[in-house]
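S.K.: Structure incoming, see below.
The values are calculated or read from the model by the stated rules, or taken from the named source; none is laboratory data. Everything quoted here is computed from the prediction, not taken from an experiment. Virtual Cβ from ideal backbone geometry, glycine too; neighbours counted across all protein chains shown. The protein model used for the area step is the full one, side chains on, heavy atoms only, and it has no ligands, DNA or RNA in it. Shrake-Rupley method; radii C 1.70, N 1.55, O 1.52, S 1.80 Å.
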Amino acid sequence: MTTKQTTSRREVIKLTAGAAAAGIFAPALSGRAVAATQITVADPGGPFGQAFRKAFYDPFEKATGNKVINVAREAEPTAQFKAMVETKSYTWDVCTLTLSARDILAKQGLLEPIGFSHADVPGMMPEAVSPLWMGTDVYSTVLAYRTDRVKNAPTSWADFFDVEKFPGRRALRKNPIDTLEQALLADGVSLDQLYPLDVERAYKVLNKIKPHVAVWWTGGAQSTQLLQSGEVDMIPGWNARFQAAIDGGTPARIVWNQGLYSLEGWSMPKGGPRSDVARQFIKFCADPKGQALFTEILAYGPTNLDAYKTIPEKRAADLPTSPQNLKQMRLANEDWWAANRSAVTERFNAWLLS
């Protein structure tokens with residue numbers, strides 16, 4: 001979608017006033033007269049860089065006088081974190097991490113404390129603030145279907161797995177993550193009873209649908225293309241990928257019911273030389289007005305739910321953390337996957353070949 005890449009003066013004034021009232025960057029303002037600091041921030045790249053520049057980087061620079069340089073990180077930056085901390089050669093000061101990456105690095109003692117708690121940013125989702133990390137955006141695994149092909153609209157995973165009542169070409173992710181959960185939800189397991197996963201029960205469901213899976217997709221870009229091209233009629237995947245296709249004119253719809261959401265947010269490498277300014281930046285990103293700005297470009301949910309006070313109702317309907325969507329989903333259990341991922345993945349890959 002096309003969006004202005006720069007923040008207007010009025011937006012900056014509003015954002016600055018709101019953040020100042022909350023005490024978010026007051027310490028940085030006092031340091032502005034002394035010396036400006038340049039920090040390097042690693043984000044996922046692509047539209048993230050544009051969205052976060054508008055929502056966070058430029059407003060932080062204007063509010064504090066500190067400079068923000070953003071670079072694209074690797075898909076899984078845990079190795080980079082480890083190398084930086086061990087060599088004390090810091091390529092960047094702040095980086096986005098998923099919950100699973102955060103937990104891996106936290107267990108190895110490679111993260112710096114962010115220096116504030118949920119009590120300091122009360123509008124944030126409780127799961128979005130931990131001692132070593134602050135979540136900025138929420139993504140969700142959902143079901144999407146082509147409205148021009150599927151006349152009997154599915155509303156649940158049970159519908160997706162019912163090939164007789166809901167005919168059409170289907171795709172599934174070539175990965176046990178999400179796929180096992182979807183099979184169990186289709187078999188009647190409730191969201192609140194989903195974990196620990198009953199793996200044996202999940203495979204009984206997957207065995208039935210396996211012959212009807214036209215494509216096993218392996219990446220987000222592929223899932224988007226499958227929906228856009230019409231190669232498949234129904235497909236699970238990440239909401240922002242599908243929303244981009246819908247915004248681009250693809251006749252499709254997202255089913256939020258029984259979705260699984262997760263978070264991504266900021267962390268700092270242990271011992272970073274600019275950690276004071278990095279902490280100020282992370283806390284600055286909790287501001288609801290700033291988080292509302294990135295949703296104009298990215299269809300990810302803000303973690304500060306007060307952001308919905310300024311997000312247009314039409315756009316809010318496309319975001320995972322809007323009240324009407326969030327209540328239909330649950331947070332994926334990263335702890336279960338951390339403990340079982342290796343064994344479950346090995347079995348899943350063998351099952352695909354059987």
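S.K.: Relative contact order of the range 159-265: what whole-number percent is it, with Cα pairs under 8 angstrom and at least 6 residues apart?
M.R.: Averaging sequence separation for qualifying contacts and normalising by length gives 31 percent for the range 159-265.
S.K.: Which lysines have a Cα lying under 22 Å from the Cα of residue 208, excluding residues fewer than 8 positions away in the same chain?
M.R.: Answer for residue 208, where 22 Å is the Cα cut-off: 165, 174, listed by chain and number.
S.K.: Right, another one. Under 8 Å for C-alpha pairs, at least 6 residues apart: give me the relative contact order for the chain, rounded to a whole percent.
M.R.: About 25 percent, as a whole number.
S.K.: Would you please classify the overall shape of the range 56-190 from the alpha carbon gyration tensor, given that a ≥ b ≥ c denote the square roots of the eigenvalues, rounded means a/c under 1.5, and beyond that prolate means a/b larger than b/c while oblate covers the rest?
M.R.: Prolate.
S.K.: Enter the angle in degrees (range 0 to 90, nearest 10) between the Cα long axis of helix 334-353 and the first principal axis of the Cα atoms of the chain, meaning the one along which they spread out most.
M.R.: Value to nearest ten degrees: 40.
S.K.: State the percentage of accessible surface on the range 223-335 attributable to carbon and sulfur atoms; use a 1.4 Å probe and exclude ligands, DNA and RNA.
M.R.: Solvent-exposed carbon and sulfur of the range 223-335 make up 47 percent of the total.
S.K.: Restricting to bridges with both residues inside the chain, how much of the DSSP beta-bridge set is antiparallel, in percent to the nearest 5?
M.R.: In the chain, approximately 65 percent of DSSP beta bridges are antiparallel ones.
S.K.: Taking the Cα of residue 35, stepping 7 Å toward and past its beta carbon, and measuring to each backbone N in the range 46-66: which are under 18 Å?
M.R.: Within reach of a label on residue 35: 64-66.
S.K.: I've got another one for you. Lysine pairs in the range 272-344 with alpha-carbon atoms under 19 Å apart, 8 or more places apart or on different chains: how many are there?
M.R.: Close lysine pairs found across the range 272-344: 4.
S.K.: State in Å² the accessible area per residue of the range 308-354; use a 1.4 Å probe, count heavy atoms of protein chains only, and round to the nearest integer.
M.R.: Here the per-residue accessible area is 62 Å².
S.K.: Need one word for the range 227-354: rounded, prolate or oblate. Basis is the Cα gyration tensor (sqrt eigenvalues a ≥ b ≥ c); a/c below 1.5 gives rounded, then a/b vs b/c decides.
M.R.: In terms of gyration-tensor shape, oblate.
S.K.: Modelling each spin label as a point 7 Å along the Cα-to-Cβ direction, I'd like the residue 310/residue 346 distance in nm, to one decimal.
M.R.: 5.1
S.K.: May I ask you to derive the relative contact order of the range 241-352, considering only C-alpha pairs under 8 Å and at least 6 residues apart, and to give it as an integer percent?
M.R.: 29
S.K.: Given labels modelled 7 Å from the Cα in the Cβ direction, how far is it in nm from residue 148 to residue 212?
M.R.: 2.4
S.K.: Provide, for the range 45-145, the number of lysine pairs with alpha carbons under 22 Å apart, each pair being eight or more places apart or on different chains.
M.R.: 5
S.K.: What does the helix-only formula give at 222 nm for the chain: each DSSP H stretch with n ≥ 4 adding -39500 (n - 2.57), the total divided by the residues, and the result rounded to the nearest 500 deg cm²/dmol?
M.R.: For the chain, the value works out to -11500 deg cm²/dmol.
S.K.: Something else now. May I ask you to give the percent of accessible area on the range 91-221 that is carbon plus sulfur, with a probe radius of 1.4 Å?
M.R.: So the carbon and sulfur contribution to the accessible surface is 51 percent.
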